[in-house]
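Any read-out appearing in this document is the output of simple, stated calculations on the displayed coordinates, not a laboratory observation. What you see is a predicted model, and the numbers here were worked out from it, not measured in a lab. Here the Cβ positions follow ideal geometry from the backbone for every residue, glycine too, while neighbour counts run over all protein chains shown.
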Ligand SMILES: NC(=O)c1ccc[n+]([C@@H]2O[C@H](COP(=O)([O-])OP(=O)(O)OC[C@H]3O[C@@H](n4cnc5c(N)ncnc54)[C@H](OP(=O)(O)O)[C@@H]3O)[C@@H](O)[C@H]2O)c1
């Protein structure tokens with residue numbers, strides 16, 4: 001039987017874009033068998049045709065610099081957007097959906113900010129919209145949550161979902177590198193962009209947590225509802241102190257349900273060395289899920305890279321191909337919906353790590369103990385670094401009992417208002 005043909009319009013022939021025709025070619029036999037279709041990229045939108053001529057020839061792709069060549073081509077049924085950034089990607093995707101074309105994208109910036117509207121537009125036009133590669137690149141996490149965990153009740157999602165910062169933190173922990181040196185190394189290896197803001201300030205991880213929260217809890221949250229702290233300027237002293245106490249510092253995205261509300265945050269957190277997330281090293285990603293039925297499960301793998309990410313993109317294309325054959329296109333990637341509600345600060349519970357500098361005066365410990373007692377905050381550990389620095393201050397580290405975010409805010413406010421103390425860092429400590 002002759003296979004049906006499925007033609008793709010590819011927007012962007014960069015790192016991931018180039019990986020798509022490669023995967024389609026390398027795994028052509030299996031893809032044809034599971035879909036019953038001959039899938040190929042017909043046209044790619046590029047900015048400079050000369051620059052991409054060699055790739056086009058290798059994979060027998062037509063190049064264009066005019067989006068209308070793809071949007072107006074009736075033979076192209078699927079548009080794959082791999083340009084990145086919000087515009088013009090958003091406009092092109094909207095136009096494709098309005099013309100009845102199915103869409104695949106890996107664009108987390110776009111989905112985290114405009115996902116709800118794009119999903120609605122896809123529905124109105126009875127089109128598929130898939131974006132597996134937008135979270136954790138090669139790890140098939142969205143489809144796992146939407147399909148394999150559909151019967152389960154997810155309580156908590158913890159993710160190491162930014163490879164750049166995980167690489168940097170691994171170097172800081174294992175080689176004692178400073179933040180600045182770790183960043184330069186990540187840039188030299190191509191893990192970090194020349195402007196690393198979105199990575200080191202936690203924004204990229206927050207985008208991914210917004211998408212994960214939508215899949216895990218059915219809630220549509222936006223960036224303003226996520227508490228975000230990055231690792232910019234993280235002092236190596238805290239990394240070393242955390243190690244002394246048996247923890248690794250990781251940039252963790254956390255989305256946790258309490259009753260019918262969730263709390264989503266991104267920040268450097270102390271993870272017990274025995275926790276599976278502590279073993280996620282270098283540029284790797286992992287998503288750890290706590291759910292009522294399965295219990296604890298972790299999904300680990302490459303969060304970026306041409307082949308891993310393109311493999312996720314092609315898995316979305318395969319899903320569309322199967323839907324086309326079965327006549328089942330137009331269903332949402334994730335159909336779980338729940339009223340969006342954010343847990344108030346007085347109910348967000350955690351242990352905290354605080355590091356501060358205290359002037360070498362009598363009664364400093366007593367003052368600190370008083371501040372914590374006033375906020376009803378107890379502590380598990382209190383460590384003082386014996387060596388005094390040049391300014392004759394001592395470095396003190398406290399790990400608190402489990403307290404509310406509201407209580408912690410009071411402690412922070414009072415430490416800042418008390419003379420002789422300088423608050424250096426506050427980080428959450430993940431539950432054991
Ligand atoms: N890289 C990864 O491992 C990874 C992992 C997960 C998700 N993603 C997501 O995948 C998407 C693509 O990432 P990438 O790493 O492949 O980026 P990239 O290497 O920068 O590729 C983007 C390509 O799109 C082209 N482009 C941008 N705007 C265009 C426009 N208006 N018209 C035509 N072409 C345009 C760029 O052309 P120029 O070369 O001329 O600039 C470039 O070739 C992003 O949304 C990213 O967040 C990437």
So what's the Cα pair-distance distribution over segment 272-312, bin width 10 Å, in %? 25, 44, 27, 4
Computed over segment 230-370: relative contact order in percent, which uses C-alpha pairs under 8 Å that are six or more apart: 17 percent
Long-range tail of P(r) for segment 225-357 (Cα pairs > 27 Å, %): 40 percent
Per-selection Rg to Rh, segment 237-277 - Cα, Kirkwood hydrodynamic radius: 1.10
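So for 27, 114, fewest C-beta neighbours within 10 Å to most, what's the order? Mind showing how you got there, number by number?
Details: 27 14, 114 17.
Ascending number of Cβ neighbours within 10 Å: 27, 114.
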At 25 °C and 0.890 mPa s, what whole-number value in µm²/s does Stokes-Einstein give for the translational diffusion of segment 1-108, with Rh from the Kirkwood sum over Cα pairs? 175 µm²/s
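Please express the shape of the chain as an equivalent ellipsoid: the semi-axes are the square roots of 5 times the eigenvalues of the C-alpha gyration tensor, given largest first in whole angstrom.
46, 23, 17
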Nearest 5 percent is fine: what portion of the DSSP beta bridges confined to the chain is antiparallel? 65 percent
Could you please state, rounded to a whole Å, how far the C-alpha centre of segment 395-432 is from the C-alpha centre of segment 147-218? 24 Å
Tell me the mean residue ellipticity at 222 nm calculated for the chain from its helices only (DSSP H runs of n ≥ 4, each -39500 (n - 2.57), averaged over every residue, nearest 500). -11000 deg cm²/dmol
Share of alpha-carbon pairs per 5 Å distance bin for segment 275-432, given as whole %: 2, 7, 11, 12, 11, 11, 11, 9, 8, 6, 5, 4, 2, 1, 1, 0
Would you kindly work out the equivalent ellipsoid of segment 184-246 from its C-alpha gyration tensor and give its semi-axes, the square roots of five times the eigenvalues, largest first in whole Å? 26, 18, 10
Please list log₁₀ I(q)/I(0) at q = 0.10, 0.13 Å⁻¹ for segment 141-302, using the Debye equation with identical point scatterers on the alpha-carbon positions. -0.35, -0.59
Distance histogram for segment 49-133 (every C-alpha pair counted, 5 angstrom bins, percent rounded to whole numbers): 3, 14, 25, 24, 18, 11, 5, 1
Computed over segment 345-429, Cα set: Rg, Dmax in Å: 12.4, 41
